[in-house]
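Input: a single structure, listed below in structure tokens.
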Amino acid sequence: MKDRFLVFIPAYNCEKQVPRVLEQLLDPRVADFVTECIVVNNRATDGTEDAVRSWMAAHPAAPVRLLRNDKNYGLGGSHKVAFGYAAAHGFDYVVVLHGDDQGDIRDLLPLRGSGAYKNYDCCLGSRFMKGSRIQGYSTLRVVGNHGFNWLFSAVAGKRITDLGSGLNLYAVQPLKNEYYKKFPDTLYFNDCMILALCHLGQRVMFFPISWREEDQVSNNK
């Protein structure tokens, strides 16, 4: 039976960028494996929600739903909403794709085509490994990120090449015990997830991605 993929787009103050992110779903290769997409509006204060609604109206056949948090839960809180949704609605995998148009879901196509994702509990996009392409990042920031990656690798006992990019894939079954709910709702959620994945002995892989720091916005708040 075909795996059911949920795409989760956390969105906060990214009205200009999120329509471009949604356009990625129209690629036939992406549409072939995406079952549903949820855009989680984390109480944006700009026109993010209107931009998503306009895009949905223009593409009624696209399997996109718009959800709105009761209040601003932070990036971690929005992850918790999406993970719970995926488990409750029978999805096999959840793809995290940030709404600021810095990542590209098509970087998952090689994993999906080969079926390699089936061998892991999570596949984490990495900006800092061989084969990755990043734009707009200074040498200082790249070196700084390598330093943090090294530190977390020492703590986790596993080589970590990125603490949190805008593209990740999680198998839903390991999420069903809801261990992630005790993690903070802030940006540190991703750090906690990586450490927990390693501590729990889950199968983790990093894969190269293309990433650009253009139109950076605070969609992660």
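Only one residue in Asp101, Asp121 is closer than 20 Å to Leu25 by Cβ and within 15 Å of the chain's Cα centre (by Cα). Which one?
Details: Asp121 fails: closer than 20 Å to Leu25 by Cβ.
When all the criteria are applied, what remains is Asp101.
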Subject >> In segment 92-109, the residues that are outside any helix (DSSP H, G or I) and crowded, with 23+ Cβ neighbours inside 10 Å >> reply: Tyr93, Val94, Val95, Val96, Leu97, His98, Gly99, Asp100, Asp101, Gln102, Gly103
Original post:
If Leu169 satisfies every condition in (1) modelled with pLDDT under 95; (2) open to solvent by less than 30 Å² (accessible area, probe 1.4 Å) but one, which is the exception?
Top reply: (1)
**OP:** Could you pull out the residue among Ser126, Ser132 that is open to solvent by 10 Å² or more (accessible area, probe 1.4 Å) and either modelled with pLDDT under 95 or out of contact with any strand residue (DSSP E or B) (no Cβ under 9 Å at 6 or more places or on another chain) (or both)?
**Re:** Ser132
Original post:
Got at least one residue in segment 198-209 being assigned to a helix (DSSP H, G or I) and open to solvent by less than 60 Å² (accessible area, probe 1.4 Å)?
Top reply: yes
Original post:
Within the set of pairs 6+ apart or on separate chains, which have a first residue in segment 103-132 that is over 17 Å from Val34 (Cα atoms) and free of Cβ contacts under 8 Å to residues at least 60 places away in the same chain, a second that is in a helix (DSSP H, G or I) and open to solvent by less than 30 Å² (accessible area, probe 1.4 Å), and C-beta atoms under 9 Å apart?
Top reply: Phe128/Asn149
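The values are calculated or read from the model by the stated rules, or taken from the named source; none is laboratory data. Computed from a prediction, not measured in an experiment: that's the story for all the values here. Counting neighbours? That spans all protein chains shown, and the Cβs are built from the backbone with ideal geometry, glycine included. Side chains are part of the model used for accessible areas, which takes the heavy atoms of the whole protein and leaves out ligands, DNA and RNA. Shrake-Rupley method; radii C 1.70, N 1.55, O 1.52, S 1.80 Å.
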